[in-house]
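Written out below as structure tokens is the structure these notes cover.
The values are calculated or read from the model by the stated rules, or taken from the named source; none is laboratory data. Only a predicted model underlies this, so the values are computations on that prediction, with no experimental measurement involved. When we count neighbours, we look across all protein chains shown, and the Cβ atoms used for this are built from the backbone with ideal geometry, even at glycine. For the accessible areas, the whole protein counts, side chains as well, though only heavy atoms, and no ligand, DNA or RNA atoms are used. Shrake-Rupley method; radii C 1.70, N 1.55, O 1.52, S 1.80 Å.
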Amino acid sequence: MINFRHNISNIFLLYSTGFTVLAVVLLSVIYSILEIKDFEKESQKHRESFILKQQEVIQNETVKAIDYINLTRLFIEDNMQKNLVEKVNTAWDICNNIYSENIHSQSKDKIKKTIKDALRPIRFFNDRGYYFIVSMDGTEELFPIAPQLEGENLINLQDKKGNFVIQDEIEIIKKSGEGFVTDYWAKPGSDQSMIYPKNSYIKYFEPLDWYIGCGEYIDNFEKDLQQQVLQRISSIRYGKNGYVFVNTYDGTALLMDGKIIEEPISVWELEDPKGVKVIQEERKAVENPEGDFIHYSWRKLHADEVLPKMSFIKGIPEWEWMVGAGIYIDEIDEEIEKEKSILYSHLRKRVLTGVIVLLTIILIVFIVARRISHRIKTNFESFTNKLTKAVESGELLNENDFSIHNIKNAIDSINGIIYNKIVAERLLKENEILFRTLFENVPVLINILDNHFNIRLSNKEMKTFCNLIPEFSSNKLNLIDIIANTGYKEIVQSQLNKFDGQFREFEINTTDGIKTQNWAAYKTETEEFIAVGYDISELKENQQKLKDVNETKDKFFSLISHDLHGPFNTIIGFSEILLNKYDTLSDEKQLKYIDQIHKSSQGMHRLLMNLLNWARSQSGIIEVANENFNLNEIVNEILNILNPQAIKKNIQILNNVNKSHEVYGDKSMINTIIQNITANSIKFTNPQGIIELKSEVKNNKIFFSIKDNGVGIKKENLQNLFKLDNSKNSRGTENESGTGLGLIICKEFIEKMGEEIWVESAEGVGTTFFFSLKKNL
């Protein structure tokens, strides 16, 4: 065995060393040849790559400039309209400020003059723009470029296409209050036979019955925008001498050598030193919609030297512009030579390094081969012994005990099998814990059943629910008995016995009342019977509440539509009589009809205000805003509003509210409550009647009462007085209309503030409303 291992070691050493030397020599030759070829390819590749990159650079610079131009061009009209709106809004603010500050101290004529003087000298759009003002009857109030027309009525003024300018503007103001209008005029100082579209924006100034405006010719705005674009592009720089240039299709230079040409000149016939007509080459390039490259000679930006140049040109047909950017060829050659020098230096280093590495490899291989031959013997014996021990004892092999890679791989495979078994057992235990956690804590009723619906296993949610079942016994856990405790046992069993996973609704009697639940049963692949349920009682209650709200809304709208119909008929009927027979009616009848219209309007206004308050209350938008205030002061404000109605009916209102009573509550809500109840008292009190408003303190609260000696309320109507679905459309003592909505709002407002309201009444005697309020904090 010793001789055998010795021979293997020598043979391995001889062959490994000889093969290594041969391989090193061959590799050296091949490596040198490949490196030289790679150098040549790499040099050419670097040249092509650098040229492509430079082409991409100038193409990207050109495209970026064109994208900027196109973006600006596409929004010319939008930008102009935005400018017009900003200018007019500024003028409108000036007018409004002058008017607001002087309305109480100056006459309107003086205010008008102040506004005109303020706007007359203002100019914009390179001194072309100005403000004009026209009154709604067509009179020119301000026209800075033709002041002789100010004060004249130009209602019949027509533009070059025969459009009635002032009439069109007045129409827009009447319709929308502001807007754009387009007219057609000859430009001042230009050929008067040429007409141009002019956009104007106007806005109504109601206090003086004026409209204010300003306008601009679209082509003028476009020219200004072109100059702004050229100014922006002229600042673009890239690389050493890179800039963007712009010429027109007909050869007019707009932007050359990074500078705007103030006085445009034609460079159509411009040639470089080699006779290339540069601009004409540009014109050919833009025939391609995607743009193209051209080659010519041009001087550098900050030098007089003329050198070969490559440029990318692309056109903008809408403006007939040729936009381009370029790079000088000498810059490309310089960079390529630099790259070539670097590559050559790397080549020499790589060849020298390769030779050293290969010689080192020969030495290393010889040393390593000798050591490996010895390790083969040692590791083989150790591996055999320890593998035998591992199989017998079940212990894992330690790869650090071996130095041969193949043996280590075998150890990894053997230990991997053992490790996978351990991991599988751990994962199984973790999954079991996770399942148990989910099973016990999920807010759903889960049960594992036998084929007779007896509960074998249930989660905490189910156990908690079972405690709510009357006469529940933990020894009798049958799901059918639990669910069907209100009867219908056979129906419940037949539904769940389908095991189709379909949820079905059941009502279950519990100590907390009837609960509505959805239950489903299904069978697993392992023939386990599982039943799952969840409570939908709250959902059912919410659905019923939604249904009640919708029914209340329908009754409310039916009531409102009926009560709006009457006032509208009165207003329409009497207004038609006044319109058609005004001249034939006596003053007395005219006043009578107008009074009827006024009363109907007041009634409709009260109805709509109550409607608004009710809607805000129902939607939850209204919030209680408590504050401290004097109760008598708010009562006086309300009586100032309602006294005219009381005087018409010869009703006396007594204000016996304690002047020192301070309350804490929502002032607006309390105002609405007192006003609605007092208005009701006036409505249902006969002429010569008396209404008393009174406050008193009891148990640290203020109790407010409104008492009348009117017609009173029937006993059977008292209980439903504050309910919408039982509201009665009652008529007052003088046939005043009403819906009862005001009292409903009063009750809701009182309850929002955490207080109470009630009523005492006797038919034919009178009515007293009471409600409580918090004292001042």
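Taking amide hydrogens as placed 1.01 Å from N in the peptide plane, the amide H of Gln502 sits under 5 Å from those of Ala521, each at least 5 positions away in sequence or on another chain. Counting Lys and Arg as +1 and Asp and Glu as -1, what is the net charge of the other residues whose Cβ lies under 9 Å from the Cβ of Val624? Result for the local shell: -1. Charged neighbours of His661, selected by a Cβ distance under 9 Å, balance to 0 (K, R count +1; D, E count -1). Volume of the convex hull of the range 151-303 (Cα atoms only), normalised per residue: 213 Å³.
Just how much of Lys775 is accessible, in Å², when a 1.4 Å probe is used and the result is rounded to the nearest 10? In the full protein context, Lys775 sits at about 80 Å². A crude spin-label estimate for the pair Leu71 and Lys723, with each label 7 Å from Cα along the Cβ direction, gives 6.7 nm.
Full extension of the chain segment joining Ser494 with Ile265 gains 72.7 nm, where the gain is 0.36 nm per residue of separation less the Cα-Cα distance.
Accessible surface for Ser668 stands near 80 Å², nearest 10, in the context of the full protein assembly shown (1.4 Å probe). Measuring against 21 Å, Cα to Cα, the residue pairs Lys160/Lys203; Lys694/Lys723; Lys659/Lys747; Lys683/Lys715 contain Lys160/Lys203; Lys694/Lys723; Lys659/Lys747 as the ones spanning a longer distance. As a fraction of the 1.4 Å probe accessible area of the range 60-113, surface on carbon and sulfur atoms comes out at 48 percent. The heavy atoms of Lys429 present about 130 square angstrom of accessible area, all protein chains included, probe 1.4 Å. Extending 7 Å from Cα along the Cβ direction at Gln228 and again at Ile530 yields two label points whose distance is 6.7 nm. Gain on full extension, evaluated as 0.36 nm per residue between Asp304 and Trp758 minus their Cα-Cα distance, stands at 153.3 nm. For the range 122-228, with equal point scatterers placed on the C-alpha atoms only and solvent neglected, what are the log10 I(q)/I(0) values from the Debye formula at q = 0.10, 0.13, 0.24 1/Å, to two decimals? Taking Cα atoms of the range 122-228 as identical point scatterers yields -0.28, -0.48, -1.52.
Taking Cβ atoms as reference points and 10 Å as the exclusive limit, the residues near Asn199 contribute a net charge of -2, counting Lys and Arg as +1 and Asp and Glu as -1.
Summarising the amide proton neighbourhood of Val244: residues at separation of 5 or more, or on other chains, whose placed amide H is nearer than 5 Å comprise Ile236.
For the range 743-754, backbone phi angles converted through the Karplus equation (6.51, -1.76, 1.60; θ = phi - 60°) give residue-by-residue couplings of 5, 5, 5, 4, 4, 5, 5, 4, 5, 4, 8, x Hz, Gly and Pro being listed as x.
A Förster distance of 45 Å, applied to the separation of the beta-carbon atoms of Gln167 and Glu633, puts the FRET efficiency at 0.25. Along the range 359-368 the Karplus relation, 6.51 cos²θ - 1.76 cosθ + 1.60 evaluated at θ = phi - 60°, assigns HN-Hα couplings of 4, 5, 4, 4, 5, 5, 4, 4, 5, 5 Hz to successive residues, with x for each Gly and Pro.
Over the range 263-315, consider all pairs of different Cα atoms and compute the Kirkwood hydrodynamic radius from their mean reciprocal separation; express it in Å, one decimal. With all distinct Cα pairs of the range 263-315 included, I get 11.9 Å. The GluC sites (Glu not before Pro) of the range 741-776 that DSSP puts in a loop, and whose beta carbon has at most 15 other beta carbons within 10 Å, are Glu756, Glu763. Label sites at Asn441 and Ala118, each approximated as a point 7 angstrom past Cα along Cα to Cβ, lie 6.9 nm apart.
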